[in-house]
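As structure tokens, the structure follows; a few thoughts come after it.
Where a number appears in this text, it was derived from the coordinates with a stated rule and is not lab data. Source: prediction; values computed, not measured. Cβ atoms come from the backbone with ideal geometry, glycine included; neighbour counts cover every protein chain shown.
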């Protein structure tokens with residue numbers, strides 16, 4: 001027995017959901033990441049290890065899930081390849097975040113051990129030289145992950161819609 005559809009209003013909700021989850025929410029995530037990066041640039045001495053380590057764990061998990069999904073999906077081959085591409089973007093983002101975290105943690109850990117006889121501006125210069133790449137790497141990681149999310153969300157919504165009952169409420 002064929003179930004009744006809820007009509008044009010429900011279809012419009014499906015289209016709105018698609019836009020919100022595949023475009024708008026990802027734009028907000030990118031903006032939040034950009035604001036964090038600017039905050040990191042404004043305070044190079046702040047310990048951001050917790051944020052970068054959490055981001056690494058999230059990106060690593062997304063990469064693993066994407067790689068698994070790309071193997072599980074056999075047809076069409078293009079979907080599998082696009083999900084694999086998303087996993088590669090997440091993995092690249094995770095590597096960049098991990099690199100940024102190591103640089104920042106290394107500097108913050110070594111800063112107290114700098115010799116006292118150094119001229120006062122030198123430790124600050126070293127801090128800026130070492131600290132500046134961290135938010136830049138974080139920003140590159142954000143862009144990589146954002147691209148992965150865009151592609152992955154698009155594929156998942158496309159695959160979700162392959163069955164006519166994708167938008168049924170009951």
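Working ranking of peptides 102-108, 146-152 by packing, defined as the average number of other Cβ atoms within 10 Å per residue, highest first, is 146-152, 102-108.
The share of Cα pairs per 5 Å bin across the range 79-170, counted from zero up to the longest distance, runs 3, 13, 15, 13, 11, 9, 9, 7, 6, 5, 4, 3, 2, 1, 0 percent. Between residue 12 and residue 74, the modelled labels are 4.2 nm apart [label points 7 Å from Cα along Cα→Cβ]. In plain terms, the chain from residue 156 to residue 136 could stretch by 4.2 nm, reckoned as 0.36 nm per residue minus the Cα-Cα distance. Of the labelled figures (1) 17.0, 60; (2) 21.6, 84; (3) 24.8, 89, only one reflects Rg and Dmax of the Cα atoms in Å as derived from the coordinates, namely (2). Peptide packing: for 60-66, 154-160, 87-93, the average count of neighbouring Cβ atoms within 10 Å per residue gives the ranking 87-93, 60-66, 154-160, highest mean first. Extending 7 Å from Cα along the Cβ direction at residue 32 and again at residue 118 yields two label points whose distance is 3.6 nm.
Working ranking of peptides 95-101, 80-86 by packing, defined as the average number of other Cβ atoms within 10 Å per residue, highest first, is 95-101, 80-86. When only Cα pairs below 8 angstrom with a gap of at least 6 residues are kept, the chain shows a relative contact order of 33 percent. If you average the C-alpha positions of the range 128-167 and of the range 45-122 separately, how far apart do those two centres end up, in angstrom? Centre-to-centre (Cα) distance: 13 Å.
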